[in-house]
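The values are calculated or read from the model by the stated rules, or taken from the named source; none is laboratory data. Bear in mind the structure is a predicted one, so any value in this text is a computation, not a measurement. Cβ sites come from the backbone with ideal geometry, for glycine too, and all protein chains shown count toward neighbours.
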């Protein structure tokens, strides 16, 4: 279906996750009037200001870009009101929308959220679902209100979480699913049959707090199953790490070995080309892919070819 030229859309997003939905809109003729994205941030070793992925994508197709530091002031509300939007689409934008913004668009504000609400409201639903051992997750198109991911759901899509799923692989699947779900809802809106909002219940409610670098430091006292999930969830960021021979060593891949042991957590039980087996608080974690400081990701077999291991690994 081609775009209804009367549908006036503003798109608010910042990271890579928001790119597929923006591209999907453009490819189907739904060109936003403007894009909202976070201000440029210092990045890289030189700490130079870098535009967000969404800003770069918008600039490439000459969509006007707005980068307010906050949406709570009158200036932001006046800017958005002046565009007379019918719909404001929010995808991992990163700023809170106050009532002065939520009430501007004719059809309100829609959010693409990467979980099956009310499970995993909050900042890091993709990684927290893997870390918790969930068997499925999904996408919700939500009508935004003043709460934290509390608005009614317009559309939901369920996706399985694979046994070897990482934060990165699930991120990409959900970003694509979100773009499809958004297009479906917008096309329904242009047909005059908008999706029906369904209020969230409190049953199954959980929160997904923002990922912190401090969480990535391994604690061998935890069960191997939990550690293996965290290794997958925190790949590609912030990446679980431990200390080996005094070096902060990243763990990119690991498996949970369902075998018991009688050693202190952190003890190296076996090290060969099949991996490095480490005792944990319950059962064994086999390390498969590591990264030394300043080095590249390598298999544990390659790692062992160049250096020896201590009898015990630190957190």
Scanning segment 60-80 for residues that are loosely packed, with under 15 Cβ neighbours inside 10 Å and closer than 20 Å to residue 175 by Cβ gives 60, 61
Practice task
Would you check if there is a residue in segment 250-262 being more than 28 Å from the chain's Cα centre (by Cα), assigned by TED's automatic domain parsing to the domain that holds residue 218, outside any loop (DSSP other than H, G, I, E, B) and within 16 Å of residue 313 (Cα to Cα)?
Solution key: no
Practice item. State whether one or more residues within segment 142-156 are under 30 Å from residue 252 (Cα atoms), modelled with pLDDT of 95 or more and in contact with a strand residue (DSSP E or B) (Cβ under 8 Å, 6 or more places away or on another chain). Key: no
| request: Tell me, please, whether a residue that is more than 22 Å from the chain's Cα centre (by Cα), assigned to a helix (DSSP H, G or I), within 30 Å of residue 307 (Cα to Cα) and not assigned by TED's automatic domain parsing to the domain that holds residue 107 can be found in segment 206-219. | output: no
Note on segment 16-53: residues modelled with pLDDT under 95 and buried (at least 17 other Cβ atoms within 10 Å of the Cβ) are none
Assess whether residue 216 counts as being closer than 30 Å to residue 248 by Cβ and without any contact (Cβ under 8 Å) to a residue 60 or more places away in the chain. yes
Residue 227 meets each of (1) modelled with pLDDT under 95; (2) within 22 Å of the chain's Cα centre (by Cα); (3) not assigned by TED's automatic domain parsing to the domain that holds residue 17 with one exception, condition (1)
If I filter segment 61-82 for residues that are closer than 27 Å to residue 156 by Cα and assigned to a loop (DSSP other than H, G, I, E, B), do I get at least one hit? no
| Can you spot a residue in segment 290-313 that is at pLDDT below 95 and part of a strand (DSSP E or B)? | yes
